[in-house]
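Some notes on the structure that comes next.
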């Protein structure tokens, strides 16, 4: 059984408010970069599946040399192999282009039974890479997954969290599984894992290694581009303390104020 986890290096969520609009659009972000928090759940699930069903877990990401740190984070948690996809031609790829790059790498790495992703990234928030991957790989797409019940006989059974409740579904392999945070509790990198990650040699695959056409990826092929990022205007508020002679009078005054503001 082969499992692949697609991850991304993103700004530390604690520093997101400090990132300027210009940095967000250009991608030249000065904030601390970490393994995307949503992807921690996907990495953990890959390791749990390896324990349950046997096989190997490979973590892969698209990014510059700096993104190696996100892969080393996964290795420190217990993943044995990782691949960095880094080429100048990849710069500016949108979700569709990123999916094309990841899909080509997954095919090159060998047949994968389950491809795991986080629900979304904390910077882009689109959640579009998983659907793109499924389309490119011709695989089943399963989103909002909170439990992987079983994998056997060329099928995968999962539990999904929907607005109206939970759904159990069985689908054919290979499958792209986008997991939600309810699926597990990610482990912390161990001391020995950190030492192993520091010594790890991570292969770097280029455009030519993946057999991709330069015109199919990168900024030129992007179907969506961030042209501007704006923070919402600051909201002002005012605190009004309501206290009348009696509780009934206080409640009546409060109700009048709420109706005047069209809250009720």
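The values are calculated or read from the model by the stated rules, or taken from the named source; none is laboratory data. Just so it is clear, the model here is predicted, and its values are computed rather than measured. Cβ atoms come from the backbone with ideal geometry, glycine included; neighbour counts cover every protein chain shown.
Table for the structure above
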| quantity | calculated |
| --- | --- |
| Condition broken by residue 205, with the remaining ones in (1) under 30 Å from residue 153 (Cβ atoms); (2) touching a strand residue (DSSP E or B) at 6+ places or on another chain (Cβ under 6 Å) satisfied | (1) |
| Looking only at the stretch 101-132, and only at residues there that are out of contact with any helix residue (DSSP H, G or I) (no Cβ under 7 Å at 6 or more places or on another chain) and assigned to a helix (DSSP H, G or I), the one that is farthest from residue 47 (Cα to Cα) | 131 |
| Within the stretch 28-77, tally of residues that are assigned to a strand (DSSP E or B) and over 22 Å from residue 13 (Cβ atoms) | 4 |
| Residue pairs meeting the criteria (Cβ under 8 Å; at least 6 apart or on separate chains; first at negative phi, in the stretch 227-242; second surrounded by 10 or more Cβ atoms within 10 Å (Cβ to Cβ) and modelled with pLDDT under 75) | 227/25; 228/21; 228/25; 229/21; 229/24; 229/25; 230/21; 231/21 |
| The stretch 136-146: number of residues that are outside any strand (DSSP E or B) and touching a strand residue (DSSP E or B) at 6+ places or on another chain (Cβ under 8 Å) | 2 |
| Residue list for the stretch 215-228, filter: within 25 Å of residue 117 (Cα to Cα) and surrounded by fewer than 16 Cβ atoms within 10 Å (Cβ to Cβ) | 219, 223, 224, 225, 226 |
| Residues (in contact (Cβ under 8 Å) with a residue 12 or more places away in the chain and out of contact with any helix residue (DSSP H, G or I) (no Cβ under 9 Å at 6 or more places or on another chain)) located in the stretch 173-202 | 173 |
| Among the residues listed as 43, 57, the single one being within 12 Å of residue 4 (Cα to Cα), in contact (Cβ under 8 Å) with a residue 60 or more places away in the chain and in contact with a helix residue (DSSP H, G or I) (Cβ under 8 Å, 6 or more places away or on another chain) | 43 |
| Test: residue 149 is closer than 21 Å to residue 74 by Cβ, under 22 Å from the mean Cα position of the chain (by Cα), part of a strand (DSSP E or B) and modelled with pLDDT of 95 or more | no |
| Any helices (runs of 4 or more DSSP H) falling wholly within the stretch 184-264 and containing at least 2 residues that are closer than 30 Å to residue 106 by Cα | 191-199, 207-210 |
| Residues that are within 20 Å of the chain's Cα centre (by Cα) and either assigned to a helix (DSSP H, G or I) or modelled with pLDDT of 95 or more (or both), drawn from the stretch 162-183 | 174, 175, 176, 177, 178, 179, 180, 181, 182, 183 |
| Matching residues in the stretch 15-40 - criterion: being over 21 Å from residue 120 (Cβ atoms) and either modelled with pLDDT of 95 or more or touching a helix residue (DSSP H, G or I) at 6+ places or on another chain (Cβ under 9 Å) (or both) | 28, 30 |
| Pairs, first surrounded by 12 or more Cβ atoms within 10 Å (Cβ to Cβ) in the stretch 153-172, second outside any strand (DSSP E or B), C-beta under 7 Å, six or more apart | 155/173; 156/173; 161/180; 161/182 |
| For residue 229: the one exception among (1) at pLDDT 95 or above; (2) in contact with a helix residue (DSSP H, G or I) (Cβ under 6 Å, 6 or more places away or on another chain) | (1) |
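So that you can scan it fast, the table gives a plain yes or no per residue for (1) surrounded by fewer than 23 Cβ atoms within 10 Å (Cβ to Cβ); (2) closer than 23 Å to residue 13 by Cβ; (3) in contact (Cβ under 8 Å) with a residue 24 or more places away in the chain:
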residue: 90; (1), (2), (3): no, no, yes
residue: 95; (1), (2), (3): yes, yes, yes
residue: 101; (1), (2), (3): no, no, yes
residue: 111; (1), (2), (3): yes, no, yes
residue: 114; (1), (2), (3): no, no, yes
